Amino acid sequence: MPLIGTGETVAAAVAAGHAAAAFNVIQLEHAEAIIAGAEAAGAPVILQISENAVRYHGALAPLARAALAAGERAGTAVSVHLDHVTEPALVEEALHLGVHSVMFDASTLGYAENVKATAEVVARCHDAGVWVEAELGEVGGKDGVHAPGVRTDPAEAAAYTAATGVDALAVAVGTSHAMLTRDAALDHALIAALREAVPVPLVLHGSSGVSDDGLTEAVRHGMTKINISTHLNNAFTTAVRDHLAAHPAVVDPRKYLGAGRHAVATEVTRLLGILRPGPDGPGPNGPRPDGTD
């Protein structure tokens with residue numbers, strides 16, 4: 001199936017009243033697993049590559065080209081997105097590689113500087129036909145806009161969207177990056193207020209820390225793009241640890257990486273059942289009857 005633009009995936013989610021799922025890719029096994037999980041769910045998916053993952057690999061091109069190639073062979077619609085980019089030069093590289101969308105993160109800057117830097121990136125990306133996500137933030141703090149207690153003001157978010165021309169906006173409503181527990185308390189009333197004030201789709205970062213029910217409620221109140229990374233990394237690593245513990249003599253990385261890949265694919269399918277529920281709620285791959293994850 002051909003690759004499609006991230007904007008198309010998100011627009012279809014808006015029209016259907018459900019969420020577009022974006023899962024982070026750190027290595028080839030992640031891309032393969034995410035696509036396999038999306039194929040099983042019969043759903044489109046967004047492959048995200050963060051600036052941190054680019055630093056890990058030393059360059060964007062190898063991982064981006066791998067993700068694009070995997071998407072071209074997929075049996076479902078796939079988009080490739082560059083996430084949390086802080087350097088305009090990396091945006092330029094992404095445009096040349098054919099990435100479908102960019103999340104430009106100027107959230108550590110003051111408001112005026114954020115607007116100026118983001119508007120420049122938006123103009124460049126739109127000239128290239130590339131969709132742009134951005135976020136508001138505060139100066140300082142490891143998590144920036146997603147530090148605990150930070151909240152996005154609806155009026156400021158509306159003004160920011162108008163000033164920058166972004167296609168989607170990441171907002172702070174109670175999540176934080178890299179959570180290993182799924183007990184983040186989302187402000188659903190704020191999500192609804194932001195949805196009323198902001199004319200572009202809203203994006204939830206730090207979604208790994210949100211429970212299944214919390215994700216369902218977030219989408220119901222107005223979140224459209226849901227980003228998940230740490231939760232899948234946890235599934236991957238747990239499966240690898242379990243495989244190595246059960247098979248201590250194994251040395252072929254395909255054996256234990258394959259276990260991790262299978263675990264991620266299974267969880268992607270399940271999560272897509274929650275984020276894209278049928279008329280009776282989450283589908284067969286939604287929450288288990290006993291409430292476990």
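The values are calculated or read from the model by the stated rules, or taken from the named source; none is laboratory data. What you are looking at is a predicted structure, and each value in this text was computed from that prediction instead of being measured. Don't worry about glycine lacking a Cβ; one is built from the backbone with ideal geometry, like all the others, and counts go over all protein chains shown.
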Q) Within the set of pairs 6 or more residues apart or between chains, which connect a residue that is on the phi < 0 side of the Ramachandran plot and crowded, with 21+ Cβ neighbours inside 10 Å inside segment 17-32 to a residue that is β-branched (Val, Ile, Thr) and in a loop (DSSP other than H, G, I, E, B) with Cβ atoms less than 6 Å apart? A) 31/25
Q.
Against the definition (closer than 25 Å to residue 10 by Cα, surrounded by 15 or more Cβ atoms within 10 Å (Cβ to Cβ) and acidic (Asp, Glu)), how does residue 213 come out, yes or no?
A. no
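Considering only residues that are of a type in the set (Gly, Ala, Ser) and not in a helix (DSSP H, G or I), look in segment 73-93 and name the one that is surrounded by the most Cβ atoms within 10 Å (Cβ to Cβ).
Checked segment 73-93; the qualifying residue surrounded by the most Cβ atoms within 10 Å (Cβ to Cβ) is 79.
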Q: Give segment 33-72 a look and list any residue that's touching a residue at least 24 places away in the same chain (Cβ under 8 Å), aliphatic (A, V, I, L, M) and surrounded by fewer than 16 Cβ atoms within 10 Å (Cβ to Cβ), or say none.
A: 61
Q. Would a scan of segment 219-229 turn up a residue that is among the basic types (Lys, Arg), modelled with pLDDT of 95 or more, surrounded by fewer than 23 Cβ atoms within 10 Å (Cβ to Cβ) and assigned to a helix (DSSP H, G or I)?
A. no
**Q.** Selection count where residues are under 17 Å from the mean Cα position of the chain (by Cα) and within 24 Å of residue 38 (Cα to Cα), scope segment 95-122
**A.** 5
Q) Quick one: how many residues across segment 12-27 are of a type in the set (Val, Ile, Thr) and not in a helix (DSSP H, G or I)? A) 2
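Condition check ((1) part of a strand (DSSP E or B); (2) at pLDDT 95 or above; (3) out of contact with any strand residue (DSSP E or B) (no Cβ under 6 Å at 6 or more places or on another chain); (4) of a type in the set (Asp, Glu)) across all residues:
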{"site": "10", "(1), (2), (3), (4)": "no, yes, no, no"}
{"site": "29", "(1), (2), (3), (4)": "no, yes, yes, yes"}
{"site": "40", "(1), (2), (3), (4)": "no, yes, yes, no"}
{"site": "48", "(1), (2), (3), (4)": "yes, yes, no, no"}
{"site": "53", "(1), (2), (3), (4)": "no, yes, yes, no"}
{"site": "62", "(1), (2), (3), (4)": "no, yes, yes, no"}
{"site": "71", "(1), (2), (3), (4)": "no, yes, no, no"}
